[in-house]
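Shown next, in structure tokens, is the structure this report addresses.
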Amino acid sequence: MNKQQWTIILAFIFVLIVSVFAVINVRPVQVDYLFGTAEWPLILVIIGSVLMGGLIVAFAGIFQIVKLKRELKALKAERAAAATVPAASSKKADKDVQKKSNVTPLKEQTASFDRKEK
């Protein structure tokens, strides 16, 4: 089973549990609003709360997906721009990266250990 199938199965189980819980709790309860109070069946309060939570999670997920798509698009554009750069400027870019990261090419590095042979 793949991840999507497990997600659907777990979502179905969650909906089933919430539904049973909501059906068991049907008595009216007092709900306090900022501007007043009202009596609602507890089943509606439970289902409304679950739906509001689901919407909040969905909007957060959509926001994250949009953010990642923008980042992917920017990285693809950067890669496409880098692919069109001539090889001579690529060598210059490598030297700039080496200066910024304090990395020296392998052939310029000195050995940091001495090997003793018997």
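Couple of notes before you dig in:
Listed here are the residues, each with its yes/no results for (1) without any contact (Cβ under 8 Å) to a residue 40 or more places away in the chain; (2) open to solvent by 90 Å² or more (accessible area, probe 1.4 Å); (3) hydrophobic (A, V, I, L, M, F, W, C).
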| residue | (1), (2), (3) |
| --- | --- |
| Lys3 | yes, yes, no |
| Trp6 | yes, yes, yes |
| Val15 | yes, no, yes |
| Val20 | yes, no, yes |
| Ile24 | yes, yes, yes |
| Val29 | yes, no, yes |
| Asp32 | yes, yes, no |
| Ala38 | yes, no, yes |
| Ile43 | yes, no, yes |
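- Boolean, Glu78 is of a type outside the set (Val, Ile, Thr), modelled with pLDDT under 95 and not in a helix (DSSP H, G or I): no
The values are calculated or read from the model by the stated rules, or taken from the named source; none is laboratory data. Just so it is clear, the structure is predicted and the values come from calculations on it, not from any experiment. No Cβ is skipped: glycine too gets one built from the backbone with ideal geometry, and neighbour counts run over all protein chains shown. For the accessible areas, the whole protein counts, side chains as well, though only heavy atoms, and no ligand, DNA or RNA atoms are used. Shrake-Rupley method; radii C 1.70, N 1.55, O 1.52, S 1.80 Å.
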